[in-house]
Amino acid sequence: MTRAWFQEEHQIFRDAFRKHMEREILPFIDDWETQRMVPRSAWKKMGDQGYLCPWLEEEYGGAGVGFEYSIIINEELALANASSFTVGLHSDIIAPYIHSFGSEEQKKKWLPGCASGDTLLAIAMTEPDAGSDLQAIRTTAVRDGDHYVINGQKIFISNGMCCDLVIVAVKTDVKVSPPWKGVSLIAVEDGTPGFIKAKKLNKMGAHMQDTAELFFEDCRVPAANLLGEEGQGFVYLMQKLQRERLVAAIWAWAGAQAMLQMGVDYARQRQIFGRPVSRFQHNAFKIVEMATEVELGRAFVDELIQDHLDGKDITMKVSMAKWWTTEMANRVAYHALQLHGGYGFMEEYPICRAYRDVRVSTIAAGSTEVMKSIIAGMMKL
């Protein structure tokens, strides 16, 4: 499929990034999975090569290139079964909050570190009793002179343990109606008294992505750390969640492509009853079905990428893509592992890790059910 945005310079960049992955990422994944975290050195090497926040202007430490380069990085990590190295989360989901809503002082203070790998980012929205319903959050931030005092708990926070800066969704007004008008975003730096990284959570998959439970206990943060305007946090989140869902769809499609290839390669070489697994009609048909779904997913995601680059409103379609591609990727994971037989259940085979890692994709960044509810509302059903 021809991609209108993809030019020769993008292929050069893709080739260079693949070489970086082969040298600095792929040989170490098993160790990072065991350690349950990507080391700071790997982030720094990404920053040194310009692979973190490449879209940032040069004055903030970036390369000043288009979002196309982020698309390539996210695709390549997923194609290499390494999307749990949360580069896209840091660069393309969280950093844009600072870039779009931060003051000039905030941008100059934090963004260069985001590009260099010295300032790793997390965003803390989810709470034990508030997931997709963000207006129901209970974490509060009370103004006290030149500071906010934050109290509350956040859970399932990606990069929660390794982050140097976390953007926290808080309630600065608990009485306003409707409740979403009381939500604000405040940046909290690691080491701030009262900011507690409680524990690293033990997950089913995505092991090299650290995921944490965070507490804020009378955490005093300078009022200057408020992102944008007080009470506008929910609006900001709704604006940026569309980019998050596009990145999630890119991860899902590319991950499905990778798992399909794992299944095909194994089925072609594995012999059973005197012939390759792929030569049995049931298996051949199943592979064809997977390949068709992956191709459909690519066409849909590519259309959305182009629309996003053109500045179009993709709110409804990206919600469709997020739920469909992630569910499709899970179907591919199931059948690609099945083609491996018992070996698919063994950790030394990449499909095993891919199967575990992809499961969260239908939950994170808005569950399938929430995506469908959003779409139904937009369709006025």
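The residues listed here are 168, 188; of these, the one that is surrounded by 19 or more Cβ atoms within 10 Å (Cβ to Cβ), under 21 Å from residue 101 (Cα atoms), in contact with a Ser or Thr (Cβ under 8 Å, 6 or more places away or on another chain) and β-branched (Val, Ile, Thr) is 168. Listed by position, the helices (runs of 4 or more DSSP H) contained in the stretch 37-113 that have at least 3 residues being in contact with a Leu (Cβ under 9 Å, 6 or more places away or on another chain) and of a type outside the set (Asp, Glu) are 40-48, 95-101. Candidates 146, 118: the one that is in contact with a strand residue (DSSP E or B) (Cβ under 9 Å, 6 or more places away or on another chain) and of a type in the set (Asp, Glu) is 146. Considering only the stretch 213-266, how many residues are touching a Phe, Trp or Tyr at 6+ places or on another chain (Cβ under 7 Å), under 22 Å from residue 131 (Cβ atoms), among the hydrophobic types (A, V, I, L, M, F, W, C) and not in a strand (DSSP E or B)? Of the residues in that region, 1 qualify.
Among the residues making up the stretch 249-274, those that are of a type outside the set (A, V, I, L, M), within 13 Å of residue 81 (Cα to Cα) and in contact (Cβ under 8 Å) with a residue 40 or more places away in the chain are 251, 253, 255, 257. Residues that are modelled with pLDDT under 95, surrounded by fewer than 19 Cβ atoms within 10 Å (Cβ to Cβ) and not small (Gly, Ala, Ser) number at least 1 in the following helices (runs of 4 or more DSSP H) confined to the stretch 278-381: 281-309, 315-340, 368-378.
So is residue 101 aromatic (Phe, Trp, Tyr), more than 19 Å from the chain's Cα centre (by Cα) and over 24 Å from residue 9 (Cα atoms) or not? Steps first, answer last, please.
Numbers: aromatic (Phe, Trp, Tyr): yes; more than 19 Å from the chain's Cα centre (by Cα): yes; over 24 Å from residue 9 (Cα atoms): yes.
So residue 101 passes the test.
When the stretch 127-144 is filtered for residues that are in contact with a helix residue (DSSP H, G or I) (Cβ under 8 Å, 6 or more places away or on another chain) and not in a strand (DSSP E or B), the ones remaining, listed by number, are 129, 132, 134, 135, 136. The set of residues in the stretch 263-292 being within 16 Å of residue 328 (Cα to Cα) and among the aliphatic types (A, V, I, L, M) consists of 287, 288, 290, 291.
Apart from one condition, residue 243 fits all of (1) surrounded by fewer than 23 Cβ atoms within 10 Å (Cβ to Cβ); (2) within 27 Å of residue 192 (Cα to Cα); the exception is (2).
Scanning the stretch 127-145 for residues that are closer than 16 Å to residue 180 by Cα and over 20 Å from the mean Cα position of the chain (by Cα) yields 129, 135, 136, 137, 138, 139, 140, 141. For first residues located in the stretch 183-197 and in the same structural domain as residue 173 (by TED's automatic domain parsing) and under 15 Å from residue 231 (Cα atoms), partners that are modelled with pLDDT of 95 or more and basic (Lys, Arg) and lie 6+ apart or on another chain with Cβ distances below 7 Å form the pairs 183/171. If the condition is being of a type in the set (A, V, I, L, M, F, W, C) and part of a strand (DSSP E or B), then the stretch 145-174 contributes 149, 150, 155, 156, 157, 165, 166, 167, 168, 169, 170.
Would you mind stating whether residue 64 is closer than 26 Å to residue 112 by Cβ, surrounded by fewer than 21 Cβ atoms within 10 Å (Cβ to Cβ) and of a type outside the set (Lys, Arg)? Talk me through it step by step, then tell me what you get.
On the way: closer than 26 Å to residue 112 by Cβ: yes; surrounded by fewer than 21 Cβ atoms within 10 Å (Cβ to Cβ): yes; of a type outside the set (Lys, Arg): yes.
Criteria met by residue 64.
Among the residues of the stretch 148-159, are any closer than 28 Å to residue 370 by Cβ, basic (Lys, Arg) and crowded, with 20+ Cβ neighbours inside 10 Å? Yes, because at least one residue in the stretch 148-159 is closer than 28 Å to residue 370 by Cβ, basic (Lys, Arg) and crowded, with 20+ Cβ neighbours inside 10 Å.
The values are calculated or read from the model by the stated rules, or taken from the named source; none is laboratory data. Please read these numbers as outputs of a predicted model, since none were measured by experiment. Methodologically, a virtual Cβ is constructed for each residue, glycine included, from the backbone with ideal geometry; neighbour enumeration extends over all protein chains shown.
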